[in-house]
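The values are calculated or read from the model by the stated rules, or taken from the named source; none is laboratory data. For clarity, every value in this text was computed on a predicted model and none was experimentally measured. When we count neighbours, we look across all protein chains shown, and the Cβ atoms used for this are built from the backbone with ideal geometry, even at glycine.
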Amino acid sequence: MEDFVKVYDNSQQVNSYIKEKDLQKPEQTILNKYFEKIKNSVLLDVGIGTGRTTYHLSGIAKKYVGVDISQGMINGALENFKNQNIEFKVCDARNMSIFDDNTFDVVFFSFNGIDHIEIDERILFFDEVKRISKKDALLVFSTHNIQNIPKLMRLKLSSHPIIFYENFLKFLKLKFHNLKRDFSNKKVIKINDGVHNFGFVLTYINPTHQKELLENYGFKNVCCFGYPSGNELNSTELLNTTDPWIYFSCSVNS
Ligand SMILES: C[S@@+](CC[C@H](N)C(=O)[O-])C[C@H]1O[C@@H](n2cnc3c(N)ncnc32)[C@H](O)[C@@H]1O
């Protein structure tokens, strides 16, 4: 089992995700923008955790299926939505052979779940999305922004001594966990960013590069949305944004 799955399977992690129910602003923007497409769709929600997005998407879609690689998270989702007729399954985004070709109108992979997949393996997910999606389906996902790294790695100053001490400790831990990593002039990097008590290494990507990759893979109408603002970003804004993560939407099989 991969290290990050052990982290998500842990009951403490499951309990903290269970409390989360709100959409992130870019998810809300995307929901508004594509409401007609999402309404009455057959929708696959990948990496659902305990179902934060299920609250918002399952009532709109005609059929909603939620999957996650972590059995612990899926158990949490089943607990959250017991007595409701919603399908949840354990499934790895890189191999979705449990689903037939040409099944879904919409595929979500929210809140940076894709960053657990190494850059060379992401093509497995994107190929699976093409296979299981109908013509002109919608794909939505988010990924961490490499341009945020200088902000993330900086020592955050504070006049409050306890807060300063905590910031300093975090700064040292970030340095320690990433001693051998070179973040300069790269389009894609791996980083331990401290999330879940430095529990795993994630992939961060340059958002313009991510957009180009999607276009090269044949996805159309690629749009980008910043977190936390939820604003749609044009190409110039994408080049300069230091938002921690970016949501992408695009058309599949168009
Ligand atoms: C940051 S959590 C987000 C959970 C949920 N989407 C939310 O927003 O609350 C990332 C989730 O992606 C799942 N995940 C990571 N890699 C996955 C993969 N290859 N296939 C399916 N799920 C995956 C993890 O198990 C975890 O539940």
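For this structure, a couple of remarks:
- Residue in region 116-133 that is at pLDDT 95 or above and of a type in the set (S, T, Y) present: yes
- In region 135-235, counting only strands (runs of 3 or more DSSP E) that sit wholly within it, the ones holding 1 or more residues that are away from the ligand (no atom under 16 Å from the Cβ) and surrounded by 15 or more Cβ atoms within 10 Å (Cβ to Cβ) span 188-191, 220-226.
- Qualifying residue in region 217-227 (condition: more than 16 Å from Y247 (Cβ to Cβ), in contact (Cβ under 8 Å) with a residue 40 or more places away in the chain and hydroxyl-bearing (S, T, Y)): yes
- Condition met for K37 (among the basic types (K, R), in the same structural domain as K134 (by TED's automatic domain parsing) and in contact with a Gly (Cβ under 9 Å, 6 or more places away or on another chain)): no
- Members of region 72-103 that are in a helix (DSSP H, G or I) and either near the ligand (Cβ under 10 Å from one of its atoms) or not acidic (D, E) (or both): G72, M73, I74, N75, G76, A77, L78, N80
- Residue tally, condition in a loop (DSSP other than H, G, I, E, B) and either under 16 Å from the mean Cα position of the chain (by Cα) or surrounded by 15 or more Cβ atoms within 10 Å (Cβ to Cβ) (or both), over region 11-64: 17
- Of the residues making up region 22-50, those that are of a type in the set (D, E, K, R) and within 9 Å of the ligand (Cβ to nearest atom) are E27, D45.
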